[in-house]
Amino acid sequence: MTTVAQPQTPAIRTPVPGVVGADVLVPLVNGERVTYANFDYAASAPCLEAVRDVLDGALPYYASVHRGAGFHSQVSTDAYERARATVAGFVGAGAEDAVVFVRGTTDALNLLARSVPAGCEVVVFAGEHHAALLPWRHHGSGAGRVVRLPLPESPAAAVAAAREALGARSEGPRLLVVTAASNVTGELWPVEELAAVAHAAGARIAVDAAQFVPHLPFDLAATGADYVAFSGHKLYAPFGAGVLAGRVDWLRAAAPYLAGGGATANVTEDDVRWNDLPARHEAGSPNVLGAVALAAACAALTEAGQDALHEREQRLLGRLRAGLAGIPGVRDLSLWDADHPRVGIVSFVVDGLPADLLAAALSAEYGIGVRDGLFCAHLLTRRLLPSGHTQAVRASLGLGTTVEHVDRLVDAVAELAGRGPKWGYELVDGRISPVPDPRPRP
């Protein structure tokens, strides 16, 4: 394999929480096996070992919560509500804030869209993930006018555009929606400045922190955010739980997100009296184990120290970006300046090599997992793609990423950019795949 010259990276001694499957060997099309190099954390992160251990302890006592007299139900109820308190602390939610367990970020922002007052004006940037871009026009949303701002040329331009949009009129409720970290470029958005602008205009701000909280601490009070949404499956707890946390009044006044058991306080032949928060928006049997897992991940990251973990990741990210930059024909995607702060996400293209073919070859020939496509942020990704490219490859880092993984990816991209794949590939069931594909499945 061609080796791309890499800068010396200082030894990374930060204690890192272990991830399940870090040592799994995967087959290559040539019959060899290598340790899997996972660069798809931004799509879904593997389970932390600490999360698995907590779940192992919770499973023997699993039962439905809140309405059971049995010992298991009481134990599970305690665990569920402790999880809520842990998650509240993780994002700086105060006693006056609601913490509602949902399925993920998409679910959280759809819940908020159903909860905004009728006619609420929503201001959102075009570069948002679809989870934050689309719910406001979906059936059932209380949003009235939706203002979609163009992609800003700089963080300062984003703040100025929000100020202008929110200053256009002052009547009625308004909500600014923004990401904390882009799922395409990893770039950090100026959330605190945008929150200040929103509040100065009498508006509220909701933050999509799905790509932020796995990498950096987030605090509702410190940022000035009114709402925050994130997913467990991106936070090393892939068990179907997510969170919407923030101010209670809109959520309390809204009809339940789902109608059913748990959301109800009393049902008669002629009327339904709904529960208060958070049960109001948690109808059905809650995902107890998902919530417990999410809280365990929050606790593990807090104990390890997210700032220290972020510094470790930044060293790996710098090594990856420097390595890719040295390969002819490789171009990475950035909305703003190349040195703008970002989390461990790099999206890039290789001239002359389609993104789906590159991703397939990285997997089949090198044991490297990346993501290809438009990353559920079609407007942003298409805007950033160089001419001649319709999709990009995204490499995202996480707790299991090592220097060896980074160097393997850089060397593999260099080889593929220089001479193309060694194996044959065809379109199979809508995906580019190696043909034949002799890799056995577990």
When restricted to Ala113, Ala126, Ala118, the only residue crowded, with 20+ Cβ neighbours inside 10 Å and either within 21 Å of Gly202 (Cβ to Cβ) or touching a helix residue (DSSP H, G or I) at 6+ places or on another chain (Cβ under 7 Å) (or both) is Ala113
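Yes/no matrix, rows are residues, columns are (1) closer than 29 Å to Ala132 by Cα; (2) surrounded by fewer than 18 Cβ atoms within 10 Å (Cβ to Cβ); (3) in the same structural domain as Ser154 (by TED's automatic domain parsing):
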position	(1), (2), (3)
Pro354	yes, yes, no
Leu362	no, no, no
Glu365	no, no, no
Arg383	yes, yes, no
Gln391	yes, no, no
Leu416	no, no, no
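For the stretch 42-99, which positions are among the hydrophobic types (A, V, I, L, M, F, W, C), within 27 Å of the chain's Cα centre (by Cα) and within 14 Å of Pro278 (Cβ to Cβ)? Give the steps one after another, and end with the answer.
Just the residues of the stretch 42-99 that are among the hydrophobic types (A, V, I, L, M, F, W, C), to begin with: 42-43, 45, 47-48, 50-51, 54-55, 58-59, 63, 65, 69, 71, 75, 79, 83, 85, 87-88, 90-91, 93, 95, 98-99.
Keeping just the survivors that are within 27 Å of the chain's Cα centre (by Cα) gives 42-43, 45, 47-48, 50-51, 54-55, 58-59, 79, 83, 85, 87-88, 90-91, 93, 95, 98-99.
Listed by number, the residues that qualify are Ala83, Ala85, Val87, Ala88, Ala93, Ala95, Ala98, Val99.
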For the structure I just gave you, tell me whether Arg315 is part of a strand (DSSP E or B) and touching a Pro at 6+ places or on another chain (Cβ under 9 Å).
no
Expected output for the stretch 172-187 (first residue hydroxyl-bearing (Ser, Thr, Tyr), partner in a loop (DSSP other than H, G, I, E, B) and modelled with pLDDT under 95, Cβ below 7 Å, 6+ apart or cross-chain) is Ser182/Gly127
Return a yes/no flag: does the stretch 257-270 have any residue that is touching a residue at least 12 places away in the same chain (Cβ under 8 Å) and buried (at least 21 other Cβ atoms within 10 Å of the Cβ). yes
Output for Cβ contacts, cut-off 9 Å, separation at least six or different chains, first residue assigned to a helix (DSSP H, G or I) in the stretch 83-98, second among the polar types (S, T, N, Q), reads Thr86/Thr302; Gly89/Thr302; Phe90/Thr302
Only one of Ala79, Ala43, Ala37, Ala50 is under 30 Å from Gly246 (Cα atoms), at pLDDT 95 or above and in contact with a Lys or Arg (Cβ under 6 Å, 6 or more places away or on another chain), namely Ala43
Residue hits (the stretch 282-337; closer than 30 Å to Leu111 by Cα, over 22 Å from the mean Cα position of the chain (by Cα) and not aliphatic (A, V, I, L, M)) are Gly284, Ser285
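The values are calculated or read from the model by the stated rules, or taken from the named source; none is laboratory data. From a predicted model like this one, the values you see are computed outputs, not experimental measurements. Positions of Cβ are generated from backbone atoms using ideal geometry, with glycine treated the same way; all protein chains shown enter the neighbour counts.
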